[in-house]
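**Q** Just dropping this structure here.
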Amino acid sequence: MSNVSQNRAAPRALGHWLLKSEPDEFSIDALAQCEVEPWSGVRNYQARNFMRDDMRAGDRVLFYHSSCAQPSIVGLARVASGAVPDRSQFDPQSEYFDPSSRPELPRWLQIDIAFERKLRQPISLTVLRQYAEPLQGLALLNRGNRLSVMPVSREHFRLILTLEPK
DNA sequence: GCCAACGTTGGC
DNA sequence: GCCAACGTTGGC
């Protein structure tokens, strides 16, 4: 036992994420109105695992508009709570109802996200692609990427924020 | 465990 | 609206 720090809980580094939302479904303006929003309806195992294993209150979030005229990062948010069971999976009236999920072992989880601010100007996917080299490894830029919840490195997060006009 | 079929995502 | 890419399902 030469390393004393082994016995201490290592402080966890702040996490950075990108969340996609279709503005017709839930826009950054809608988030600004709600202030805090339960991020429910995620039905993808990889995205769920990020929420379950890695997303913690306080983590920073890039809010992205997808499936629209100008797919863009449009705002900033924070993770407001860690993962809890997503109730919509048990609601037969919900479009996210999952009849094969058992209450004693919920399959799907949700987190809360809190509005931080809108960007002064959206940072479009087109612009992001112009920085493909420094943004190498950013999942959003991967071909055929469909993840709605994805990690962003701290370096990429900071670089992206520098693309916002003053 | 393989893989074809199918449904969905999402940029264009 | 098109279609590439991907995840899921289910037959075998």
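**Q** Which one of A:ALA77, A:ILE28, A:LEU135 is farthest out on the positive end of the charge dipole of chain A, using unit charges on Cβ (Lys, Arg +1; Asp, Glu -1) and the Cα centre as origin?
**A** A:LEU135
**Q** Going by amide H atoms built from the backbone, whose H comes under 5 Å of the H on A:GLU116, apart from near neighbours?
**A** Those qualifying (amide H under 5 Å, at least 5 residues apart or on another chain) are A:LEU76, A:ALA77, A:ARG78.
**Q** Same structure again: Taking amide H positions as placed in the peptide plane 1.01 Å from N, state which residues far from A:SER72 in sequence (5 or more) or on other chains have amide H under 5 Å from it.
**A** Long-range HN contacts for A:SER72: A:HIS65, A:LEU125.
**Q** DSSP loop (so not H, G, I, E, B), at most 15 other Cβ within 10 Å: list which GluC sites (Glu not before Pro) in segment A:36-145 pass both filters.
**A** Answer in residue order: A:GLU95, A:GLU104.
**Q** Multiply the residue separation of A:ASP24 and A:ASP98 by 0.36 nm, subtract the distance between their alpha-carbon atoms, and state the gained length in nm to one decimal.
**A** 24.3 nm
**Q** Averaging over every viewing direction, what projected area does the convex hull of the Cα atoms of chain A cover, in nm²?
**A** Hull-based average projected area comes out at 12.8 nm².
**Q** Return the distance in nm (one decimal) between the two label points of a simple spin-label model at A:ARG120 and A:ARG12, each offset 7 Å from Cα along Cα→Cβ.
**A** Distance between the two pseudo-spin positions: 3.3 nm.
Here, each number is a calculation from the coordinates, and none is a lab measurement. Keep in mind that what you see is a predicted model, and the values were worked out from it rather than measured. Counting neighbours? That spans all protein chains shown, and the Cβs are built from the backbone with ideal geometry, glycine included.
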